[in-house]
1. Report the net charge of residues surrounding A:Asp91, where surrounding means a beta-carbon distance below 13 angstrom and charges are Lys +1, Arg +1, Asp -1, Glu -1.
2. Using only atoms on other chains, find how many Cβ atoms lie within 10 Å of each Cβ of peptide A:46-52 and report the average.
3. For B:35-43, what's the mean count of beta carbons from other chains sitting within 10 Å of each residue's beta carbon?
4. Once you average over the residues of A:109-121, how many Cβ atoms of partner chains fall within 10 Å of each Cβ?
5. Buried accessible area between A and B (1.4 Å probe, both chains summed, ligands and nucleic acids excluded), in Å² to the nearest 100?
Amino acid sequence: MPSTRKSASARNWLGATTPQGTIQIVFYVPSKDRFEKDIPHEKWVKETLETFGRLFRGATAFPRAQGVWRDDAHGGKLVHENPTIVECYVDRKALNKGKKELRRFLHRLGRETNQGEIGIVIDSKYFGITIFDHE
Amino acid sequence: MAKQLQLQPSKYSNPKSKAKRRRSHGLDLAHALGASTVMTLRTRAGGPHGVKAMLHEINARLVSRGGRPSISEHSIRRLIPLAPEQWAELRELSIALSEKGRSISPGQFAALLIQRGLEEFEYEHKSKSQPMRR
């Protein structure tokens, strides 16, 4: 049975009325800029939640992760970072409708916090943005 | 009278068309978001542990991200042979990426594609013990 039929029957017995969100979006809110200076992280977590809530009906931020990355491009230097991971599920219509505003938000974050790259995962695909739109 | 059943082609009957649709949607999204890197992840995240594992995969496959420059210093230049149609495609795609006040040259775009290809190649071959022929 195709998955849409299975999920339609689940929607019926659950009595669900809102759209099914099956596309997972995972966004890592950075904690430092490209020169390893701290950025106003909590402010951007709040903005991310508000943007995703407005566009995709909701989002969840997990407690800050402790991460360390080996930067092979700079002699194997260990860089410590504490990103907050924001996750949500969205249906395809809402994603298509919200693409433009999502782009504006991601590029603004990259530009204003001086990032080398902004990364977002949508439906198990990682999209890296390195060139940010002008205002 | 027997009812004649008319079979409609199912969109699920051809797996390739579904994969093609996913690839096409990925490229559309990349263009819509202004992304210069697109990478299909192996990790399927669900919950906080899954998304952390996803983050680990991303960082293992990228040179660097976030607080560091995203690509290595492009400090050397080399001549790389290309077919005329390949250069035309690079130019066309860099123009498409260069709308709305952002600019990327065909050479910069080619460098990003080479970097991405190398990262994916290294990731897939890192477990092999045999040295690569040079």
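1. Working: positive: A:Arg11, A:Arg57, A:Arg92, A:Lys93, A:Lys97; negative: A:Asp123.
So the surrounding residues net to +4.
2. Values: counts 0, 0, 0, 0, 0, 0, 0.
Rounded to a whole number, the mean comes out at 0.
3. Average neighbour count from other chains, rounded to a whole number: 6.
4. On the way: counts 0, 2, 0, 0, 2, 1, 6, 9, 13, 6, 10, 3, 9.
Going residue by residue through A:109-121 and averaging, the value is 5.
5. Values: alone 9220 and 12050 Å², together 17170 Å².
Protein heavy atoms only, the A-B interface buries about 4100 Å².
The values are calculated or read from the model by the stated rules, or taken from the named source; none is laboratory data. Worth saying up front: this structure is predicted, and the values here are computed from it rather than measured. Quick reminder, even Gly has a Cβ in these numbers, built from the backbone with ideal geometry, and neighbours come from all protein chains shown. Side chains are part of the model used for accessible areas, which takes the heavy atoms of the whole protein and leaves out ligands, DNA and RNA. Shrake-Rupley method; radii C 1.70, N 1.55, O 1.52, S 1.80 Å.
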